[in-house]
Amino acid sequence: MLLLVHSLLHEAEPAKVALQRAQGSPEVVQRLGTPVTPGWFIKGSISLENDTGHADLEIPIQGPRGQGEIHVIADKEFGRWTYTDMKVGFKTGDQIIDLLGGSSPAAKSIHTDRTTESVQPN
């Protein structure tokens, strides 16, 4: 049962998108080195009902130079995920990298469906 839950969380779209964005972030790669890989246990929850849902996940990541954690919050409406928070923090606690590209409190959201990803302001 634990393995099934683990697999479901790792295969969920919010976890995949967050990991891809972390792996593509020059700041994360500079900090952790390459490759950036996911850790074993994802914490958090995903709830889905038809074409709606909510995800609040903490995904451990690691590289040759250290460890970090991605925090992602997303809502699904009409079959599309909207990411409202996606940040990487590090074990040392000295830096947080915003993977949505927003440096102001009004961070951007990314909307994804099965074929596209775009960045749109809130």
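The values are calculated or read from the model by the stated rules, or taken from the named source; none is laboratory data. Remember, it's a predicted structure, so these values are computed and weren't measured experimentally. Using ideal geometry, Cβ is built from the backbone for each residue, glycine included, and neighbour counts are taken over all protein chains shown. Keep in mind that these areas ignore ligands, DNA and RNA; they rest on the heavy atoms of the full protein, side chains included. Shrake-Rupley method; radii C 1.70, N 1.55, O 1.52, S 1.80 Å.
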Give the number of residues within segment 1-43 that are assigned to a helix (DSSP H, G or I) and modelled with pLDDT under 90.
10
Tell me, please, whether a residue that is touching an Asp or Glu at 6+ places or on another chain (Cβ under 6 Å) and either surrounded by fewer than 16 Cβ atoms within 10 Å (Cβ to Cβ) or at pLDDT 95 or above (or both) can be found in segment 93-104.
yes
So SER47 ticks every box in (1) at pLDDT below 95; (2) open to solvent by less than 60 Å² (accessible area, probe 1.4 Å) but one. Which box is left unticked?
(2)
So how many residues does segment 50-64 have that are touching a helix residue (DSSP H, G or I) at 6+ places or on another chain (Cβ under 8 Å) and modelled with pLDDT under 95?
0
Assess whether LEU19 counts as being among the hydrophobic types (A, V, I, L, M, F, W, C) and more than 16 Å from the chain's Cα centre (by Cα).
no
When both residues are 6+ apart or on different chains and their Cβ atoms are under 6 Å apart, which pairs have a first residue that lies in segment 69-97 and is in contact (Cβ under 8 Å) with a residue 12 or more places away in the chain, and a second that is among the hydroxyl-bearing types (Ser, Thr, Tyr) and open to solvent by 20 Å² or more (accessible area, probe 1.4 Å)?
ILE73/THR84; ASP75/THR82; LYS76/THR52; GLU77/THR52
